[in-house]
Structures are given as C-alpha cells and as structure tokens.
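The values are calculated or read from the model by the stated rules, or taken from the named source; none is laboratory data. Just so it is clear, the structure is predicted and the values come from calculations on it, not from any experiment. Cβ placement follows ideal geometry from the backbone for every residue including glycine, while neighbour counts extend to all protein chains displayed. Areas reflect the complete protein model, heavy atoms only, side chains present, ligands, DNA and RNA absent. Shrake-Rupley method; radii C 1.70, N 1.55, O 1.52, S 1.80 Å.
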Amino acid sequence: MRRSALILAALCAMVASLSSTAQTPGLVSLVDESLNYDVYYKWGFINKLAGHATMSLVNDGDLYMASVTARNAEWANSIFLVRDTLYSTMNRNNLSPVLYTFLSHENKRYKKDVVKFSQVGDTFYGECFRESRKKPGQPLQTSTMQLEAEGPTVDMLSSFYYIRSIDFGSMNPGQEVVLNIFSATKKERLTITYLGTGSVNANGSDQNTYNISFTFTRNGVESSSPIYAWLSLDDRRIPLKIEGSLPVGKVRAFFTGENATW
C-alpha cells in the first residue's frame, strides 16, 4: 500500500452540488463533533487494519474550524511512517474556505501547504505557499503559486463538510456535477456521480445510505480511479464507508463512531 493518507484525500474530496453554482448549505446539522475511521488495506484474502483517521469540527462565531489527523497502525510504522494533519477554516453561512493547511510527516519527509482563499463574484483565488524538506537536517525548500478558478471551489477538507449540506433526495441517479479543488500546487476538477440509495454495514448494523462516486482530472486527464462513498441517510450525512483502488489492492475506510479513542 502506498500510504494510509490516500484515504484522507478520498474522505475530504467528496463534494456534490445540484447545479453549476454554489448551493447554500442548511439541510445538514453541523455540530461540534469528532468522527473516527479505521482504514483497511485489502488485497485478495488480505484485509488488514492499516491506519486511523479522525475528523473534528468546532463552531467559532461566524466560522467553522475543522481538522483531520491520520496515522499508521503500529505494524505499518516500520514500513512507511505517516503522521498527517489537515486544517480548514470555513465561513459558516456557505461553507466556503478561508484558509487551508496541510502538514505531512511521511517516511522522514516534511511538507507544509497553506492556501489563503478569496472570492470576487464567481471567481475564486488561492494564494498558495509550500515548504518542504526531503530529509532531516536538510534546508527547507519554499515555493509560492497563485491559483484561479470560475465557479464553486473548495479545499480538500472543507469539501468533506460541503457534501453534507446537499439534498441528495432531489438528485437523480447518474447525475454528474463538476467542482474545483485547490491545493498548494495545483487546481483540479472533481466529477461527482450520484448513484442513488443503498445500504452498508457500519458498526455491526445495516444502515441506509446515499451512494456516490467521484474522480479527479487535471488538464483534462483523469488522475485517479473512481472512488466510492456511502453516506448516512439521516440529517447529518456522515460518510460511513469510502473505498478506492490502489495499484495493488484497495483501501477502505469505515466510520467507527464519535469521540472514540484508539
């Protein structure tokens, strides 16, 4: 498996909209919370716990403060050490991003990405900064970039909450939507396909779900295999399961509850 952080991208990249313009959230109940996930690697008969992720949200006046932390399971630390954290500050009224930060410590490599967002009409701008170090003791390398996109734009973490504001019940199976996502080095397009309703086993019981799939493209070229997600049918739209393909095998994330300890 390449790295358990891959599933974070899947968790944070699930975005949907009913039109080409941003939808005002309001259908979901966003409260202070801490959602926990176990991440598994599956290849043939192998189905092994590979890591953990926790997503937290705190209300702060006119803003939401969100964070995600990810780490390997103990057995994988000697193979590829992962300690990743994402932060996003969002406007409460429409979940549009204000500031995004990604901190990565993977296999002794360090990276920090920061994106400051601004908006003029339907145009979104990203002032991006990156610092990185390939090995301990080496000097930091820094770079900057300016990103621009027309239409609804999110970061990798704010999108996780944006999806939960969507009225999937009014969408038709097969309907596709495209949005923009900014990171510190690139702008990508995300195509989301609503697949209808279904069910998934979560925490030992079958739960009804909204089902979606999505893919990334950059410069018109698809950059990932389809990722699938099962979201709870209640008023919180919690992702209960996410599944994506790797070059060898699959990675799956399962919701394990709130405020749990590992």
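Exactly one residue among ALA22, ALA16, ALA70, ALA10 is modelled with pLDDT of 80 or more and under 23 Å from ILE227 (Cα atoms), and that residue is ALA70. Set side by side, the residues ASN59, ASN93, ASN72 differ, and just one is more than 24 Å from LYS186 (Cβ to Cβ) and crowded, with 17+ Cβ neighbours inside 10 Å, which is ASN72. Only one entry in LEU103, LEU86 is at pLDDT 85 or above and open to solvent by 30 Å² or more (accessible area, probe 1.4 Å), namely LEU103.
Residues that are among the β-branched types (Val, Ile, Thr) and open to solvent by 30 Å² or more (accessible area, probe 1.4 Å) within region 41-56 comprise just one, ILE46. In summary, VAL154 fulfils each of the numbered conditions (1) open to solvent by less than 90 Å² (accessible area, probe 1.4 Å); (2) closer than 17 Å to THR85 by Cα with the single exception of condition (2). If you go through region 115-166 and keep only what is within 20 Å of LYS186 (Cα to Cα), polar (S, T, N, Q) and touching a residue at least 12 places away in the same chain (Cβ under 8 Å), you end up with GLN119, THR123, SER132, THR142, SER143, THR144, GLN146, THR153, SER158, SER159.
Let's see how each residue does on (1) modelled with pLDDT under 85; (2) open to solvent by 10 Å² or more (accessible area, probe 1.4 Å):
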{"position": "LYS186", "(1), (2)": "no, yes"}
{"position": "ILE192", "(1), (2)": "yes, no"}
{"position": "THR197", "(1), (2)": "no, yes"}
{"position": "ILE212", "(1), (2)": "no, no"}
{"position": "ASN219", "(1), (2)": "yes, yes"}
{"position": "GLU222", "(1), (2)": "yes, yes"}
{"position": "LYS241", "(1), (2)": "no, yes"}
{"position": "GLY249", "(1), (2)": "yes, yes"}
{"position": "THR261", "(1), (2)": "yes, yes"}
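For region 224-237, a residue qualifies if it is assigned to a loop (DSSP other than H, G, I, E, B) and buried (at least 19 other Cβ atoms within 10 Å of the Cβ), and exactly one does: ARG237. Residues that are in contact (Cβ under 8 Å) with a residue 40 or more places away in the chain and closer than 14 Å to ILE163 by Cβ do not occur anywhere in region 196-205.
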